[in-house]
Every structure is written in C-alpha cells, then in structure tokens.
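This report refers to the structure that appears directly beneath it.
The numbers here are math on the coordinates, done by the rules we state, and not lab data. For clarity, every value in this text was computed on a predicted model and none was experimentally measured. Using ideal geometry, Cβ is built from the backbone for each residue, glycine included, and neighbour counts are taken over all protein chains shown.
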Amino acid sequence: MPQPFASHRGKLALLDRANVDTDAIIPKQFLKSIARTGFGPQLFFDWRYLPDGQPNPAFVLHEPRFTGASVLVVRNNFGCGSSREHAVWAIQQDGWQVVIAPWQQRGEMRVPAFADIFRNNSLKNGLLTIELSEAEVEEIFQLVDRFPNLEATADLDHQRVTLHVAEEVSFHFEIEEAVKHRLRHGLDDIGQTLQRAEAITVFEARHNVQLAKT
C-alpha cells in the first residue's frame with residue numbers, strides 16, 4: 001500500500017520538456033518484470049544513459065545542482081501515451097516524492113498538466129502530482145535557476161507549494177477532497193474498500209440470510 005502523505009520538503013529539479021510520454025519515463029523493454037521493485041535506475045533510461053550503458057553527462061538531471069532532489073518540475077502533458085503503472089513506480093523508486101507541472105491554454109483548448117491515466121496511477125501509488133498555472137511553473141523554473149539547491153515544501157492539507165527563498169513564495173493548488181483523503185491516509189483501491197469492511201460484512205450477512213430463505 002502507498003505511504004500516507006501529509007507534506008514533503010525537498011530540493012527542486014527541472015526537466016524542461018513538455019509531452020513526456022510513458023515510454024520516455026520507462027521504456028517498454030522494462031515492463032516484463034512482474035515485481036514492483038527495481039525500476040528506479042530505469043527512469044528516463046534513453047535520456048539517462050549512453051548507448052554503452054554509461055551515464056549521459058548531458059542529461060539535465062545528472063547536473064550536480066540536482067543531486068538528491070525529490071521534487072520534479074516539468075512542463076505540460078506529462079505522462080501522456082500508453083498506460084503503464086511502471087512509470088509511476090520508476091519515478092517513486094528513483095526518489096521523487098512530488099511532480100509539478102503546468103496546464104496550458106491554447107486557444108479554446110486546455111492542455112492538462114498531466115495525462116489522466118498517469119495522474120490516476122500516481123494517485124493509486126501515493127505520488128503527489130500538482131497542477132499549477134503556466135506562469136506559476138515558469139516562476140519556479142526561474143527561481144530554481146537563480147537559487148542553487150532551492151527547496152520547496154508541498155503541503156497537502158493546505159494545498160500549497162512553498163519555495164524557501166529569503167522571501168518565501170507560495171502557490172495554491174487544487175485537489176479533489178476524495179483524492180486528498182486517499183493520499184493523506186495512504187489508500188489504494190483495496191485499502192479504500194477495506195475502510196468499508198464492516199458495512200460489507202453486514203450486507204453479506206443479510207444477503208446470505210435472504211438467500212437461505214429462498
């Protein structure tokens with residue numbers, strides 16, 4: 001089951017890419033394993049490693065300023081493409097606790113921060129995805145570039161991201177109450193069902209009595 005999430009403070013890292021699909025997050029050749037562990041080193045595999053398997057020094061997340069970061073800031077439509085829960089597992093197992101992305105308005109079309117399936121998979125596994133406006137995420141990018149090792153706190157209860165600069169900068173984010181409840185209590189689908197175990201037991205007992213009378 002996921003770990004309960006209340007708040008997290010960690011260093012910010014920037015991945016300045018939009019439309020990062022799940023195949024880029026974790027390529028298809030790593031989907032054969034039925035275990036739910038060991039996917040961290042495979043995150044962003046094709047960007048992260050050279051053809052000979054050595055780390056790619058040009059990959060932005062290998063920059064020393066992002067060492068030990070746990071809050072990933074990306075561009076819009078993150079997690080698009082095919083549905084694969086492994087993408088969320090890889091992100092978490094590589095040490096990321098929070099992913100922040102912007103929604104974008106293009107004429108009458110609203111481009112989401114996260115693809116729906118990826119966002120739902122994140123929820124089920126306890127990964128907090130935060131959607132902010134394009135202007136707010138752009139400000140985060142600029143602040144991270146200005147202040148090395150910048151940290152932020154994602155506070156689920158208050159629905160706020162706070163950047164710890166000299167004069168703190170905060171952004172409010174929206175999240176459904178049901179989603180907040182699941183994350184706050186570390187509930188997956190099974191855990192959510194078990195919260196109603198008593199009511200289910202009562203229903204089954206009554207149902208069995210009715211069946212016995214027929």
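Only Cα pairs under 8 Å and 6+ residues apart enter the sum, and on that basis the relative contact order of segment 7-187 stands at 24 percent. The ratio of the alpha-carbon radius of gyration of segment 7-187 to the globular-protein estimate 2.2 N^0.38 Å is 1.00. Any chance you could check the Cα centroid distance between segment 25-72 and segment 114-138 for me, in angstrom? The distance from the Cα centre of segment 25-72 to that of segment 114-138 comes to 20 Å. When the chain is treated as a Gaussian network with alpha carbon springs shorter than 10 Å, the biggest mean-square fluctuation among Leu50, Leu128, Leu150 belongs to Leu50.
For Ile175 and Val60, compute 0.36 nm times the residue count separating them, minus their Cα-Cα distance, and round to one decimal in nm.
Numbers: separation 115, 0.36 × 115 = 41.40 nm, distance 2.94 nm.
That pair, Ile175 and Val60, stretches by 38.5 nm at full extension.
Summarising the amide proton neighbourhood of Ile100: residues at separation of 5 or more, or on other chains, whose placed amide H is nearer than 5 Å comprise Leu72, Val73, Val74, Ile130. In this structure, the amide hydrogen of Phe44, modeled 1.01 Å from its nitrogen in the peptide plane, lies closer than 5 angstrom to those of Ile26, counting only residues at least 5 positions away or on a different chain. Put in order of Cβ neighbour count within 10 Å, fewest first, the listed residues Thr37, Thr162, Thr22 become Thr37, Thr162, Thr22.
Cα-Cα over 27 Å: which of Lys11/Lys124; Lys28/Lys124; Lys11/Lys32? Show your work: numbers first, answer last.
Values: Lys11/Lys124 24 Å; Lys28/Lys124 21 Å; Lys11/Lys32 32 Å.
In this structure, Lys11/Lys32 exceed 27 Å between Cα atoms.
For n ≥ 4 DSSP H runs only, could you compute -39500 (n - 2.57) per run for the chain, divide by its residues and tell me the 222 nm figure to the nearest 500? Walk me through the numbers before you get to the answer.
Working: 8 runs with 71 residues, N = 214.
So the calculated ellipticity at 222 nm is -9500 deg cm²/dmol.
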